[in-house]
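Everything below concerns the one structure shown next.
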Amino acid sequence: SETQYSHNSAETAAQVISAALAADPDLAGVFAANLFTAQGVATGAKQAGATDLKIVGFDAGPDQVKQLEAGDGLHDALVAQQPYTIGYEGVMQAVAALNGAPTTADIQTPSSVVTADNITDPEVSKFLYKADCDSAAVGLVQELGDLGVRDVVSGDNARRGLDVSGGR
């Protein structure tokens with residue numbers, strides 16, 4: 001079939017899938033390339049009563065995870081990025097740049113396929129996106145502290161920054 005674009009809008013994605021299902025009720029599957037598109041496709045498919053449509057969403061936001069766990073057919077699989085790894089690699093590149101060390105221009109980060117069968121596996125569930133990322137942030141700050149990077153936090157925690165202290 002053809003590629004349809006939602007422009008990162010859940011509402012547009014719902015309209016696109018509704019129109020696609022009206023034109024082709026035998027549509028077998030959809031790959032939603034981001035969180036908002038996945039939300040919209042699931043909504044549009046549900047409204048259209050498309051119970052046999054297979055949906056794979058890129059990103060693993062809290063709503064998509066709930067739908068996958070519920071087994072309501074709104075998502076058959078999710079492709080989860082690894083936000084901790086992405087953040088860690090980004091901060092490490094910033095630290096290297098601030099220290100005048102070489103940086104890597106292109107870093108590939110892995111992703112994980114999440115299904116109803118593996119969603120509770122700790123090696124998979126650790127990549128599900130959290131509505132609250134305080135615990136991940138604390139872990140990253142602790143790890144960076146071990147590398148000689150100090151977290152600088154204002155009194156009201158409103159501003160956060162990094163102070164590169166020059167190593168171990």
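Pairs, please: C-beta under 7 Å, at least 6 apart or cross-chain, first residue among the acidic types (Asp, Glu) and in the range 62-82, second open to solvent by 60 Å² or more (accessible area, probe 1.4 Å)?
Asp76/Lys54
Applying the selection to the range 1-11, what residues are open to solvent by 40 Å² or more (accessible area, probe 1.4 Å) and either in contact with a helix residue (DSSP H, G or I) (Cβ under 6 Å, 6 or more places away or on another chain) or modelled with pLDDT of 90 or more (or both)? Show your work before the answer.
Step one: filter the range 1-11 for residues open to solvent by 40 Å² or more (accessible area, probe 1.4 Å), giving 1-5, 7-8, 11.
Of everything in the range 1-11, those that are open to solvent by 40 Å² or more (accessible area, probe 1.4 Å) and either in contact with a helix residue (DSSP H, G or I) (Cβ under 6 Å, 6 or more places away or on another chain) or modelled with pLDDT of 90 or more (or both) turn out to be Gln4, Asn8, Glu11.
Of all residues in the range 89-115, how many are in contact (Cβ under 8 Å) with a residue 24 or more places away in the chain, open to solvent by 50 Å² or more (accessible area, probe 1.4 Å) and within 19 Å of the chain's Cα centre (by Cα)?
So the count comes out to 4.
With the checklist (1) surrounded by 15 or more Cβ atoms within 10 Å (Cβ to Cβ); (2) within 18 Å of the chain's Cα centre (by Cα); (3) at pLDDT below 85 in hand, flag the one item Ala77 doesn't pass.
Ala77 satisfies every listed condition except (3).
Select from the range 22-66 the residues that are surrounded by fewer than 21 Cβ atoms within 10 Å (Cβ to Cβ) and among the polar types (S, T, N, Q) and write down the one among them that is farthest from Val113 (Cα to Cα).
Step by step, filter the range 22-66, then rank; the result is Gln47.
The values are calculated or read from the model by the stated rules, or taken from the named source; none is laboratory data. Note that this is a predicted model, so its numbers are computed, not measured. All Cβ positions, even for glycine, are placed from backbone atoms using ideal geometry, and neighbour counts span all protein chains on display. Remember, those area values only see protein heavy atoms, side chains included, never the ligands or the DNA or RNA. Shrake-Rupley method; radii C 1.70, N 1.55, O 1.52, S 1.80 Å.
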